[in-house]
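Trainee: Handing you a structure now.
Each reported figure results from applying straightforward, stated rules to the coordinates on display, with no laboratory input. Quick caveat: nothing in here was measured; it's all calculated off a predicted structure. Note that each Cβ is placed from the backbone with ideal geometry, even for glycine, and that neighbours are counted across all protein chains shown.
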Amino acid sequence: RLVTRWEDVQGLQLAEDAELLSEQVEPFRAQLTALAEAEYQAYRAVQRVERYNLKAAHAHAAFELLVMHALLRERAKYAGDDALFSAVIEDVRSLYKEREVIRAIQLPAGVLRELAPYLLFDAQVPQVGPDASAPVPRVLAYAGIDAARRVVDGAKIRKSQQYIDRMMARIQRTAQEHASKALRL
């Protein structure tokens, strides 16, 4: 008999002088292999879930930054060429003092089509065309603002030199990096 638990050992007497033939052992080997496969399935699932979670994390980070880029682009039109990132990002934040949701427009539809299955928020991605839009609730906006600030802080540029156009380009590059990572996993 196949011993798989401590309880199976109780009352067992070993026949140390007996020899087993390969045909006698094979059914037990098959049972043991099946038990090992069943046990290993959980570990395989963990790897699959972890990969999916990483994919979703990078997709969501890309989405946050793409949304911030779109909102910053719209506000920067009114701020002028020499506007600083800090002023424009505060302008975006102030939009949410009065509203719960703002629609971000001119998001890159091609990227969002690929990321959409992994996002926590609904992005209305058309099947054709280069642009998409998405409702941006306050919680997503604040997460995006924080993410954009982290990207800009990572530039190690004095605040007085953080011009909006350069910082937006940096935010867009970082969003593209996250999107690439999400799609590679």
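Trainee: If the requirement is being under 19 Å from Q172 (Cα atoms), part of a helix (DSSP H, G or I) and without any contact (Cβ under 8 Å) to a residue 24 or more places away in the chain, which of these qualifies: E7, E90, E74, E26?
Mentor: E90
Trainee: Then there's this: Which residue pairs have Cβ atoms under 7 Å apart, sit 6 or more places apart or on different chains, and have a first residue in segment 160-185 that is in contact (Cβ under 8 Å) with a residue 60 or more places away in the chain and a second that is of a type in the set (D, E, K, R) and surrounded by 16 or more Cβ atoms within 10 Å (Cβ to Cβ)?
Mentor: Note: pairs meeting the criteria are M168/R73; A182/K55; L185/K55.
Trainee: Next question, about the same structure. Report yes if L66 is within 21 Å of E177 (Cα to Cα) and either in a strand (DSSP E or B) or of a type in the set (D, E, K, R) (or both), otherwise no.
Mentor: no
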